[in-house]
Amino acid sequence: MIAYQKLCLGPEGNNDCAMCSVKNEQKTCTLTELIHQVNALADPENLELCGGESTLHKDLLSLISSARGRGAKRIKLVTMGRRLADWDLLTELIDEGCRLFEVRIHGSRPETHEAITGDHGSFDQTVQGLQNLSTLSNSAEYEGAIYVAARVGVTRANLEDLVPTIALLASLGVDRIILARTASDLPTTKAARAVENAMRVAALNRIWSVCEGFPPCLMKGSEMHVAELLRPVLSETQKPKGCRGCTYIDLCNGPPEDVIAQGGLREFRAVSSSPYVEDVRRLLTMRSLHAEP
Amino acid sequence: MPNHRRRILLVSFNVAGHDSLALGYIKAFALNAPTVARQTEIEILGFSNEEGNVRQALYYMTEFKPHLIGFSCYVWSMGTILELARSVKQIMPRVPLIAGGPEVGPMADEYLEEHPALDVVVHDEGETVFLDLIRYFFAGKGRLEDIAGISFRRDQEVVRNTDRTPIKDLDKIPSPYLTGVLTPRDGVTYLQSFRGCPFRCGFCYEAGRHKMLRFFSYERVKAEVALVMGDPSIRSFHFVDSVFNLNPKHLGKLASLLQKANRYNTGLRTIEVFTEQVDEETVRYLIQAGVQSVETGPQTAIAETQKRIGRYFDAEKFSRGVRLMQEAGIDVWCDLIIGLPGDNFFRCVFSVAYTMGLGPARIVISILHVLPGTPLFEKAERFGMAFDPAPPHYVIANDSFPFDQIYNAVLFSSSAAKEYNVALP
Ligand code: SF4
Ligand code: SF4
């Protein structure tokens, strides 16, 4: 919900994720460069530090400290969570002023998670990182002071494992779950149903969850969990014929590009009316939902 | 020498560490009557609502051996109080149990009908009524039928007396702090300059009460303020006035007397303000009064909903009021209620986004309680309100907000508010 200004620290990673979009030719930013970027922001109140793997940046603690000194109130670390298994590093990050974490986890078992990360042992470390966050969040010192979101990349490999993944995340007490369509080989409707089911299980466990990358026409009945409707932007993307007359046409980016490329458009059918669309449009007026450029 | 004084126990369950101001008033008023002061011993027993243990309270009662017990009933403590009352009745069947407070007052007869452990329920303000009850039970003065402002059980029948006109001159109620009934303590001292509220917000029990505003004299408030602010160990305290910035004249007077008494840089925290009315002059007064933080709406940012629940709301004026207070260094806490009629899931998302855009120090989310005596309770049918008739009276659904949307709105808003509130200063 909060609009964060993104700072990409560099491409360095400790996994070999199949769907990683970070280019290796990108260079790792130096502390001075990153501080320059913070200084250039009109409002550095909400910062998101991402990578590659943000926790591998050697000056991460100094960057957090500098950003705090320049007025950052919420610093969110986007991470695979492996290095959060190191209790000392985690407490240093928290004490320096990083209180929000978005941890990527792709399954409830090493087989599903590591099929995506491509690195043996990564699952146990990520879960240990989440466990450490949970222990700290429940401690008297940090009660209510740490926010943990879990981002699950939805791929063909983990569709069957989504519900157990939600159960695992529920046991780790996360504050939000994001189920993001990540792979291009995904059977669209089947994935949408699996995601819908997983979000239902999250709700039953009293955890807020959203999905990303699933157009509203695929998520009828679950519109409340469609991230793109919670933070709508006007879309100017050209849409295929099937989208004509859709009530969401100006709020939706249309079917994912990979689906268009593969010609699998039959599953996307224009939504003739929706009880939500008027109130979703009202959200377009909310400037606080988007980071200032 | 044996102690022949009659023992009265006044019981409440509060947020941990807090005293009950309402019971403080009742005790101070009762002890102001010389015979009562001479012949009774009144003890206030406050338990933490979070950890309040019925058997612990019961044990205390068996030790104190009261002749009369009064319960201060709020939505958050009613379940515990009823459990306690049932147990007390078993072991002290002859001790009259009197319930009062906003949870029971508007449903006095229903509570008596459904809970045989209770003997008397007070309709509204308790000070004068409770004094009459003490006189009736201990001195045999008058008849229960003649005590206005109560319902009671007689031979299995519930008898409802007429309501009582509230005390006009609030100074007739001695100050619980100045009389030593309550001891001012840091962070948990509550003062009051007036009773009542000029507004009629549909969810608020104040809205179901007397519209007439009644004031304590400035001399009285001044004396209480001098006592509290004269204690250097008290770093902050509160006013429970429904609207602290009621009008510029009242606020100006309060600000002046607070400023004069403020020798140790004591602060006022989480006072309630009507934000649309906050202008530069108001902010000057708030600062002069030592206000460090305020709590305010908007409850919802949807104008149609505000209109339905009888609240005045102007998004621009509200934003301006918040900004002016923030610029003056006052922390603003914004409250949102989930489940109001007129809202729905995406409207709640809008309210959260609007509120975050104001940059308050904290966002506080709560689920609508359809409280007895409130306009939403009284007009429940008109709004298609479904809610739990038992406390805490959580809303289930209404004509615009089905249950699944309310459930998801609570999950969404709680998560969003937590993400917002983890901000460091
Ligand atoms: S039909 Fe097209 S525009 Fe409508 S929701 Fe689906 S993808 Fe989006
Ligand atoms: S919410 Fe506040 S302003 Fe509204 S009726 Fe209640 S006390 Fe008055």
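Key figures for this structure:
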read-out: Semi-axis lengths (Å, descending) of the ellipsoid that matches the C-alpha gyration tensor of the stretch B:6-160; value: 21, 19, 15
read-out: Distribution of pairwise C-alpha distances over the stretch B:283-342, 10 Å bins, in %; value: 22, 46, 25, 7
read-out: Solution diffusion estimate, µm²/s, Stokes-Einstein, the stretch B:184-423, Kirkwood Rh from C-alpha pairs, 37 °C, viscosity 0.692 mPa s; value: 175
read-out: Rg/Rg_ref, chain A, where Rg_ref = 2.2 N^0.38 Å and atoms are Cα; value: 1.02
read-out: Inter-probe distance in nm under a simple model that places probes 7 Å from Cα toward Cβ, at B:Ile167 and B:Arg320; value: 4.0
read-out: Nearest-ten-degree value, helix B:21-31 long axis tilted from longest Cα axis of chain B; value: 30
read-out: Modelled FRET efficiency - R0 25 Å, A:Ala145 with A:Leu61, Cβ distances, 0.05 increments; value: 0.85
read-out: Least to most buried among A:Lys58, B:Lys89 (fewest other Cβ within 10 Å first); value: A:Lys58, B:Lys89
read-out: Isotropic mean projected area of the C-alpha convex hull, the stretch B:154-312 (nm²); value: 12.3
read-out: Set B:Lys27/B:Lys168; A:Lys76/B:Lys418; B:Lys168/B:Lys249; B:Lys141/B:Lys211; B:Lys27/B:Lys65; A:Lys220/B:Lys379 screened for pairs whose C-alpha atoms are more than 22 Å apart; value: B:Lys141/B:Lys211; A:Lys220/B:Lys379
read-out: Rounded to 5, the percent of DSSP beta bridges in the protein assembly as shown classed as antiparallel; value: 15
read-out: Residue exposure sequence - A:Trp208, A:Trp87, B:Trp333 - by fewest surrounding Cβ within 10 Å; value: A:Trp87, B:Trp333, A:Trp208
read-out: Nearest 10 degrees, 0 to 90: helix B:127-139 Cα axis against chain B principal axis; value: 10
read-out: In degrees, nearest ten, helix B:54-64 long axis to first principal axis of chain B (Cα); value: 40
read-out: Gap separating the Cα centres of the stretch B:118-181 and the stretch B:236-298, nearest whole Å; value: 33
read-out: Modelled FRET efficiency - R0 56 Å, B:Tyr312 with A:Ser184, Cβ distances, 0.05 increments; value: 0.60
read-out: Cβ-based exposure ranking for B:Ile91, B:Ile69, in which fewest neighbours within 10 Å come first; value: B:Ile91, B:Ile69
read-out: Principal axis box of the protein assembly as shown, alpha-carbon based, largest edge first, Å; value: 91, 55, 47
read-out: For the stretch A:170-237 versus the stretch A:33-58, the gap between their alpha-carbon centres in whole angstrom; value: 28
read-out: Most to least packed among A:261-274, A:99-112, B:9-22, B:172-185 [average Cβ atoms within 10 Å]; value: A:99-112, B:9-22, B:172-185, A:261-274
read-out: Euclidean distance of C-alpha centroids, the stretch B:4-62 and the stretch B:332-356, integer Å; value: 38
read-out: Principal axis dimensions, the stretch A:232-293 - Cα atoms, whole angstrom, descending; value: 37, 30, 14
read-out: Shape of chain B, Cα gyration tensor, a/c cut at 1.5; value: oblate
read-out: Share, in percent, of DSSP beta bridges within the stretch B:27-160 that are antiparallel, nearest 5; value: 55
read-out: Surrounding net charge for A:Asp88, when Lys and Arg each add one and Asp and Glu each subtract one, Cβ distance under 15 Å; value: -2
read-out: Rg ratio (alpha-carbon, reference 2.2 N^0.38 Å) - the stretch A:110-237; value: 1.11
read-out: Relative contact order, percent, chain A [alpha-carbon distance under 8 Å, six or more residues apart]; value: 14
read-out: Point-to-point label distance, A:Gln238-B:Tyr60, nm (Cα→Cβ direction, 7 Å offset); value: 7.5
read-out: A:Asn205-B:Phe403 pseudo-label distance in nm [points 7 Å out on the Cα-to-Cβ vector]; value: 2.3
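Values quoted throughout were computed directly from the atomic coordinates according to the rules given, and no laboratory measurement underlies them. Computed from a predicted structure; not experimentally measured. Backbone-built Cβ (ideal geometry, glycine too); neighbour counts: all protein chains shown.
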